[in-house]
Each structure stands twice: as structure tokens, then as C-alpha cells.
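Here's the structure, in C-alpha cells; my notes come after.
Where a number appears in this text, it was derived from the coordinates with a stated rule and is not lab data. Keep in mind it's a predicted model, so treat the numbers as computed, not measured. Reconstructed Cβ throughout: ideal geometry from the backbone, glycine too, with neighbour counts over all protein chains shown.
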Amino acid sequence: MLIKRSSDIEQLSGIRPSEITNKEIYQSRRRFLRGGTALALGSGLGISSMLATQKVSHAASKFSNLIKSPFNAGETLTPYKDVTSYNNYYEFGTSKSSPAVMAKNFKTKPWTITVRGEVEKPLTLGMEDILKHYPMEERIYRLRCVEAWSMVVPWVGFPLASLIKDMKPTSKAKYISFRTLYDPKRMAGQKPALFGSGLDWPYREGLRMDEAMNPLTILAVGLYGEIMPNQNGAPIRLIVPWKYGFKSIKSIVSIEFTENRPNTTWAMLAPKEYGFYANVNPDVDHPRWSQSRERRLGEFRKRKTLLFNGYAEQVAGMYKDLDMKKFF
Ligand code: MTE
């Protein structure tokens, strides 16, 4: 977004992008799933009513019985290869091709998420528990990056609202904030000496509570019917389809409910360029480039960017009293 480097993969790992094979990615997904016996999520915390219907096929690392998305009309999916090889994930390098290489051996098991702040009872959730207890849906969404490219991705996930309801936030909870894992030993991009991306780690993002509760907002654990590839934010990430992609934080380890608006990574680094809201808006340009058009991966001709990334019907009401130019 601010920094452009191309050769960090080879510099740091000696691995050429051509050396990554799909087979290896599939195998790491299988490792993620193996031995996934779940503990009773939140037993005694009043969330026993959750449906335990979701099954993950261990043989194929595929989700079965996915609830189909109502949001797929007329959209051509961006090929799996592009979705998994053109990424923004600065913890694993600043070039688009580096996350697929640098995150290849990133271990996402065991994985826990701490839930704290303005909640009745802070707790730690195990990833296996989440996978077992929330019925998974396929959501085919447009993803519009602030850099003016876009994709259409069939995510696998569940509404963030379901998790929030189970966590019972207090009446003081006005915002929700998320953090990515901070572990420079496992995420080479967090070592300032190596990359110097200038980002203040860990990566942080946040939403207003009404945005978090909107039915479009999901926590995603997979794509194309399969377990989330590491480079796309395994094992669990946020997807907020009407906002620029940087809001959709990857590899979440912490969720906090707060009374005040949380600091967020890109807004901290360059507040004049990246706002807290980051709603996709063709009428509010980035100071250094236009946001009126976008390049859909795989297409030659640029297409028009849609207000709220085409989800105005579902989300515009939340911003009717907001000056979108001021609060970009
Ligand atoms: N989350 C973390 N932790 N680190 C990142 O660098 N990049 C963001 C977002 N989430 C990023 C992140 C940006 S700028 C975009 S556009 C999307 O992830 C890209 O998601 P994708 O690689 O799955 O397409």
C-alpha cells in the first residue's frame, strides 16, 4: 500500500515463487485439520445452543454441507490460483507474491483467540471449537483493495454477529477490535530490520458494533470450499465486503470489545490516506490515486468502482448521518 518491494521472498528464504506447489499447500491444510477433536466451546457460558452441525472432511480438507451464499448473482469467480498467489499480507513480505511462499510453513495449529474487554466473561476460544460449533456458509463476495484492484472470492465462514451474541458484550461495548498474531520468529515481516515496512505490529483493525453485527460481516475460515490457505489469513480472518480490503484482518488471535474507537494499523501509519471507516467509495479518492475505477484480476479493461463495493442496499443505512468525505 505504501511500500513496494519485489524481491523479498528470494532475499529472505532463497525460495523462488515457482517452487511452491499446490500439493504442499494442500498438505499443510491437511496437517491443520488432523487430530481436531474439539473441546466443548464455552460450555457453561450460555452458548450451548450453538448448532454442532458443521463437518470438515479430513480426507480432502473440504468443508461439506456448506450453506450456499445468496450473494453470488452474476459474478465470475477469480480463479483459485490468483486468489492464493496475489496477496497482501505484510507479516510475510510486502510483495504480492511473497505471502504464498513465506507463509508456506506457518503453523496454525494449535490456535486460540482471546476475547476480552467489555464482555460479561472474557475467555479464550480454541480454533477447533469454532470450526465445530458454527455452521459454515459459502459467501461469494467482491473484495476491493484500496490499491484499486479487486477479486471475487467464495469464502467459507460464519457471521461475526453469531460469535458476538455468544460472547455477550456489555452495554459499554461500542466497538470491536481485532489483532493478528505477533510473532516475528514465525512472521518474518514483523522484523523491522528485515523489511522496515513501518507498520506498528501487531496488525490491528476495528469496526463499530453495528458494522460488526451487520449480516454481511463474516469470520472466514476457508475459501473455494477448502481450509483457508496460509497466505489468505489462516486459520481465521475477518471479511467486511463493503470496506477496503485492509479492514479484513488476517490470522486473528485477539478480539476486544471497547467503549472507545480503537487504533487501526493503516490509519495509525498514514491517517490522511487510510481512514477508520474505509468504506469503498468511488467519490472519495485516495490522496495519491483515484478510487473511481478498479482492475478486476483477470480482466483487461478497468471497471467502475461501486459505492460500498456494490453492497449499498445492505449497508448504506448505517452511514446516513455520516459525512463520508470527512470520515473516509
Ligand atoms: N491482515 C494482516 N494481518 N496483514 C496484512 O498485511 N493486508 C490487508 C488485509 N488483511 C493484511 C491483512 C489487505 S491490504 C488486503 S487487500 C487483504 O488483506 C488482502 O487479502 P487477500 O490476500 O486474501 O486477498
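List of remarks:
- S251, S177, S290 arranged by Cβ crowding within 10 Å, fewest neighbours leading: S290, S177, S251
- Listed by chain and number, the lysines placed with their C-alpha closer than 23 angstrom to that of K121 are K132, K165, K168, K172, K174; residues fewer than eight positions away on the same chain are left out.
- For F257, neighbours were defined as the other residues whose beta-carbon sits under 9 Å from its Cβ, and their charges (Lys and Arg +1, Asp and Glu -1) total 0.
- DSSP-loop trypsin sites (Lys or Arg not before Pro) across region 204-283, with at most 14 other Cβ within 10 angstrom: K272
- Phi to ³J(HN,Hα) by Karplus 6.51 cos²θ - 1.76 cosθ + 1.60 over region 107-122, Hz, x for Gly, Pro: 8, 10, 9, x, 8, 10, 10, 8, 10, 9, x, 7, 10, 4, 9, x
- Residues L181, L307, sorted so that the one with the fewest Cβ neighbours within 10 Å comes first: L307, L181
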